[in-house]
Amino acid sequence: MILHHLMARNLFVVSLLILSLVFNSCTAHSWRNNSSLDDVGPRCEPSSHPFGLCKTRAAAFGYPCEDHMVTTEDGYILSLKRIPHGVSNSTQNTTRIPVLLFHGLMVDSVSWVLGTPKQSLGFILADGGFDVWFANTRGTNSSRNHTSLTPDDPEYWNWTWDQLAAYDLPAVLQHVYDHTGGQKVHYIGHSLGTLIILAAFSEHRLLHLVRSAVLLCPIAYLYKTKSKLTRLATQILLAEAFHFLGYREFNPVGPVSHEILLIICGDPEIDCYDLFTAVMVA
């Protein structure tokens, strides 16, 4: 047990050192070739997703799309998208059963409509006669507002998936329920979207709002994960070190992520050629 704690402490210190070098790129030097970290090439500044659900994806294929705003009990203002019907079944007198799609980690609702109408679940459900709603958790590109905080405030980022289950999920489900004539909602979650609904169900919450639940890549416990990349990030206590240094938001396409991946992917045990595979499987 003592050895375990010593190893964990040492890994935490190593993680702090790595992040300190990354965040001080003006003076830091690459451990690989002793060159400045600024020499890695031009970086993309964090920006909004180029594929907005309503303005680009839905509009491009002729689907109607609405943008709803939902405020949680703890003050976060969430964007909730809606495709009320498909392209060819727009009869307004038809009562459609609502479906809520809840995205996974590090993505947003656009992930449900990135393909063509025959490839994207959001479009397929709308064409199949459903009233389709798309959730966006706090912190995502379209859900960054708050009643009293801004993303520049550290307190804005003081939450975990527990708050998504306790506040975001019920607020969104209640909004869909209220705006569809009190109909129970079919729920489809991916990854993170399954974790929060399982957390709610484990406490017998939201059952009165949900008609059924479909869980894609469901998550309940993480200790059996086979992803070497995920396990390494856990072993070096990356999230704890990130928080300790005072950084709250992790932008998966920002310069910090770029530098961290350069270091992590230097491990011969981790194949980053297909980063999605490196994260999801062994």
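The values are calculated or read from the model by the stated rules, or taken from the named source; none is laboratory data. On a predicted model such as this, the values are computed, not experimentally measured, just so you know. Methodologically, a virtual Cβ is constructed for each residue, glycine included, from the backbone with ideal geometry; neighbour enumeration extends over all protein chains shown.
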Positions within region 177-191 being hydrophobic (A, V, I, L, M, F, W, C) and either more than 20 Å from the chain's Cα centre (by Cα) or surrounded by fewer than 20 Cβ atoms within 10 Å (Cβ to Cβ) (or both), in sequence order
V185
Residues being in contact with a helix residue (DSSP H, G or I) (Cβ under 6 Å, 6 or more places away or on another chain) and assigned to a loop (DSSP other than H, G, I, E, B): count how many of those fall in region 119-137.
4
Select, from L215, L207, the only residue that is in a strand (DSSP E or B) and modelled with pLDDT of 95 or more.
L215
Tell me, yes or no, whether region 151-161 has at least one residue that is under 21 Å from H68 (Cβ atoms), of a type in the set (D, E, K, R) and either in the same structural domain as V110 (by TED's automatic domain parsing) or surrounded by 17 or more Cβ atoms within 10 Å (Cβ to Cβ) (or both).
no
Matching entry among S111, S90 (being touching a Pro at 6+ places or on another chain (Cβ under 8 Å), modelled with pLDDT under 95 and either assigned by TED's automatic domain parsing to the domain that holds P151 or farther than 30 Å from Y156 by Cβ (or both))
S90
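Matching residues to (1) closer than 23 Å to Y63 by Cα; (2) in contact with a Phe, Trp or Tyr (Cβ under 9 Å, 6 or more places away or on another chain):
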{"residue": "L105", "(1), (2)": "no, yes"}
{"residue": "L121", "(1), (2)": "yes, yes"}
{"residue": "R205", "(1), (2)": "no, no"}
{"residue": "R211", "(1), (2)": "no, yes"}
Would you say A126 is buried (at least 22 other Cβ atoms within 10 Å of the Cβ) and either over 22 Å from the mean Cα position of the chain (by Cα) or among the charged types (D, E, K, R) (or both)?
yes
Say whether the condition of being of a type in the set (D, E, K, R), in contact (Cβ under 8 Å) with a residue 40 or more places away in the chain and surrounded by fewer than 20 Cβ atoms within 10 Å (Cβ to Cβ) is met by at least one residue in region 133-147.
no
With touching a His at 6+ places or on another chain (Cβ under 7 Å) and either modelled with pLDDT of 70 or more or not assigned by TED's automatic domain parsing to the domain that holds V172 (or both) as the only criterion, which of H243, H190, H258 stands out?
H190
